[in-house]
Amino acid sequence: MRTSHVLVLVLIAVATAAFIRADTTASETTNETPAMTIAMTSVYVDDPIRAFEFYTEVLGFQELQFVPEAHLAVVISPEQPNGAALLLEPNQHPIATRYQKEVYEAGFPVIVFGTTDIQAEYTRLTERGVVFRGEPQETPYGTHADFEDTFGNLIRLIQR
């Protein structure tokens, strides 16, 4: 395994561990500057329209903004309607296509979704046709399972 792959795996593990330890409530800061939050992130998809259907109808996210003629699809978690949004970004640019392909082929999840009951979520998603790469596994940083989003991405589901 190349050093760069090992480094990315370590970074994913550290980020996942930080995600688990993070307090899900808003934290107070001691200075006058407002805390920065994540407003939106994105995953590249080859077809934002079909991806929108998968992310809403299969995974259970809700529409934040959907303009099919502009290939614009943004979803949010029903559990955190004021939380971070997820842009289903078209991978039309060669750099985006290459990035998505190489990350996928290396086996790196592009995003981590959280749940409080991974076994129930694993069962629910499996019944809806989601293909997991294996059953949930316990690790030092939590219990997780990886699945394919059918748009060129590997997604990690983790129980916090």
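Values in this text are rule-based calculations from the coordinates and carry no lab data. Just so you know, these numbers come straight off a predicted model, no measurement behind them. Every residue, glycine as well, gets a Cβ built from its backbone with ideal geometry; the counts of neighbours run over all protein chains shown.
Applying 0.36 nm per residue to the separation of E57 and H93 and subtracting their alpha-carbon distance, the gain on full extension is 10.3 nm. Projected label points at R133 and D46, each 7 Å from Cα along the beta carbon direction, are separated by 1.8 nanometres. Subtracting the Cα-Cα distance of L64 and R124 from their residue separation scaled by 0.36 nm leaves 19.3 nm. What the phi angles of the range 111-120 give under the Karplus curve with 6.51, -1.76 and 1.60, with θ = phi - 60°, is a coupling list of 7, 10, 9, x, 8, 8, 9, 5, 5, 5 Hz, glycine and proline written as x.
Measuring nothing but how far apart in sequence close Cα pairs (under 8 Å, 6+ apart) lie, relative to its length, the range 38-159 scores a relative contact order of 25 percent.
Out of every Cα-Cα pair that the range 38-159 contains, those further apart than 20 angstrom amount to 43 percent. With the simple spin-label model, which puts each label point 7 Å out from Cα in the Cβ direction, the E102 to D117 separation comes to 4.2 nm.
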